[in-house]
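Reading through the structure tokens given below for one structure.
The values are calculated or read from the model by the stated rules, or taken from the named source; none is laboratory data. Model, not experiment: these values are computed from the prediction. Cβ coordinates were reconstructed from backbone atoms using ideal geometry, including for glycine residues, and neighbour counts include every protein chain displayed. Note: accessible area is taken over every heavy atom of the protein model, side chains too, but ligands, DNA and RNA are not part of it. Shrake-Rupley method; radii C 1.70, N 1.55, O 1.52, S 1.80 Å.
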Amino acid sequence: MDAEQLRENAHKMVDFIADYYKTIENFPVLSQVQPGYLRELLPDSAPTQPESLQHIFDDIQAKILPGVTHWQSPNYFAYYPSNSSIAGFLGEMLSAGLNIVGFSWITSPAATELEMIVLDWLAKLIKLPDDFLSTGQGGGVIQGTASEAVLVVVLAARDNFLRRVGKNALEKLVVYASDQTHSALQKACQIAGIHPENCRMLTTNSTTSYALSPIVLNEAISNDITSGLIPFFLCGTVGTTSSTAVDPLGELGKIAKNNGMWFHVDAAYAGSACICPEYRHYIDGVEEADSFNMNAHKWFLTNFDCSVLWIKDRTALIQSLSTSPEFLKNKASQANMVVDYKDWQIPLGRRFRSLKLWMVLRLYGLENLQSYIRNHITLAKNFEEFVTQDPRFEIVTPRIYSLVYAVNSTGKIFISHTVLSGTYILRFAVGAPLTEESHVNAAWKVLQDEASALLSTSLG
Ligand code: PLP
């Protein structure tokens with residue numbers, strides 16, 4: 001690594017990225033390329049001789065950017081937000097610059113200790129119970145994704161249980177969640193060896209706004225116990241992916257506790273809103289949870305990836321995931337004086353991801369972060385108002401289905417869809433950092449225009 005070359009090239013890269021953000025609205029939000037487009041544009045094999053950075057920039061402009069869907073565009077309203085910010089970007093840069101691999105405390109004490117401190121800060125901002133702080137038996141850990149977070153807690157819960165009831169019980173263990181729960185749970189159960197027939201994705205409907213009903217949960221648990229099965233894991237969601245439904249954590253948690261089950265709360269998307277006192281009530285009942293997860297990389301201005309998992313009893317994770325080969329042994333670990341995050345996650349290696357969260361918290365401060373969330377919620381409310389004023393958007397017919405595709409192929413905005421109770425629904429998720437009122441207004445116009453065009457074609 002030649003430091004001067006780094007300086008020169010990195011400046012060019014920063015200029016390139018800054019220009020990208022300056023012109024981001026010029027791109028179609030959803031990439032309009034066809035599958036396989038890139039193979040036709042790039043050579044069959046890697047170059048034998050070095051190429052110039054300028055040549056690569058030219059290729060990025062001409063060949064890569066057309067195949068990019070612009071998640072940071074202010075006109076991006078699909079799936080869920082995946083925020084980037086200057087603070088998050090700077091943290092990522094520093095992390096890439098230091099490029100440490102902080103699997104054990106000894107491999108970079110600052111990486112482990114900063115992660116513990118910053119996650120305690122964040123836990124306090126969203127008012128998690130003290131049991132989740134690293135100063136007691138619990139603590140936070142940054143995972144790559146909510147999928148990894150739920151996987152590690154399913155494994156911890158499974159092993160905790162099997163240690164008590166014996167390994168042969170594995171095929172009797174049952175997992176509960178609502179049918180709105182993210183498929184990440186299903187994947188975690190597959191990996192953890194939970195019998196596929198023992199994953200209860202309990203039916204929800206519009207009467208509970210797609211939240212999991214404690215009555216339905218209790219019934220399912222009783223039936224399973226009667227059949228000789230063993231309830232062991234419950235996942236509640238705050239802000240489901242399809243419709244941001246909120247499960248009643250307090251009631252669900254009590255049921256979990258009464259049945260000796262592990263209770264995990266997935267607040268991957270909506271958890272960030274809890275920094276605002278007026279939205280904190282959505283996680284009331286979290287005291288009952290054993291683990292809680294939110295993705296700072298979704299709606300908390302922290303560049304991907306940064307999924308924060310807090311756990312009340314860290315030994316449960318460690319008992320499931322720790323290994324101690326000779327080549328990793330060191331005094332601090334042996335003396336049990338430190339946290340070794342390798343024992344809280346699937347991989348060994350890990351990046352210095354707390355830097356970017358630390359930068360976000362310090363460079364913006366709580367008040368700005370709260371305003372950021374509140375502004376998006378106001379914009380979403382404005383949009384809701386538009387929709388209620390246009391009766392065409394209350395009528396759901398198969399022809400409207402193509403509205404998503406018609407809208408997205410304009411390249412002006414990008415939205416996504418879901419199905420609830422058999423009804424096809426357009427999702428409009430406000431949460432990109434650059435989105436302002438004018439973008440939401442313009443997006444509504446695009447939706448109205450495309451609806452008019454579709455309806456006139458289908459009627460004519
Ligand atoms: N849980 C919820 C509620 C989500 O909204 C998502 C993403 O959409 C996930 C889990 C999965 O997130 P990840 O990509 O971090 O695994």
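A few comments on the model shown:
- Selection within segment 170-183 - surrounded by fewer than 22 Cβ atoms within 10 Å (Cβ to Cβ), within 24 Å of T418 (Cα to Cα) and touching a residue at least 40 places away in the same chain (Cβ under 8 Å): H182
- Number of positions in segment 84-97 that are touching a helix residue (DSSP H, G or I) at 6+ places or on another chain (Cβ under 6 Å) and either in a loop (DSSP other than H, G, I, E, B) or under 18 Å from L369 (Cα atoms) (or both): 4
- Residues of segment 430-440 satisfying the condition of being in contact with a helix residue (DSSP H, G or I) (Cβ under 8 Å, 6 or more places away or on another chain) and either among the hydroxyl-bearing types (S, T, Y) or surrounded by 14 or more Cβ atoms within 10 Å (Cβ to Cβ) (or both): V430, G431, P433, L434, T435, V440
- Criterion applied to L217, L229 was being of a type outside the set (F, W, Y), away from the ligand (no atom under 13 Å from the Cβ), open to solvent by 30 Å² or more (accessible area, probe 1.4 Å) and at pLDDT 95 or above, and the one residue passing it is L229.
- Note on segment 423-445: residues that are among the basic types (K, R) and assigned to a helix (DSSP H, G or I) total 1.
- Residue, farthest from I191 (Cα to Cα), within segment 127-151, restricted to residues that are within 12 Å of the ligand (Cβ to nearest atom) and either part of a helix (DSSP H, G or I) or in contact with a Pro (Cβ under 8 Å, 6 or more places away or on another chain) (or both): A146
- Residue count, segment 190-214 (criterion: away from the ligand (no atom under 14 Å from the Cβ), assigned to a helix (DSSP H, G or I) and not hydroxyl-bearing (S, T, Y)): 6
- Count - residues of segment 233-253 that are open to solvent by less than 10 Å² (accessible area, probe 1.4 Å) and among the β-branched types (V, I, T): 3
- Taken together, F292, F386 contain a single residue that is touching a residue at least 24 places away in the same chain (Cβ under 8 Å) and under 23 Å from E437 (Cα atoms), which is F386.
- A single entry from V154, V101 fulfils the requirement of being in a helix (DSSP H, G or I) and surrounded by 14 or more Cβ atoms within 10 Å (Cβ to Cβ): V154.
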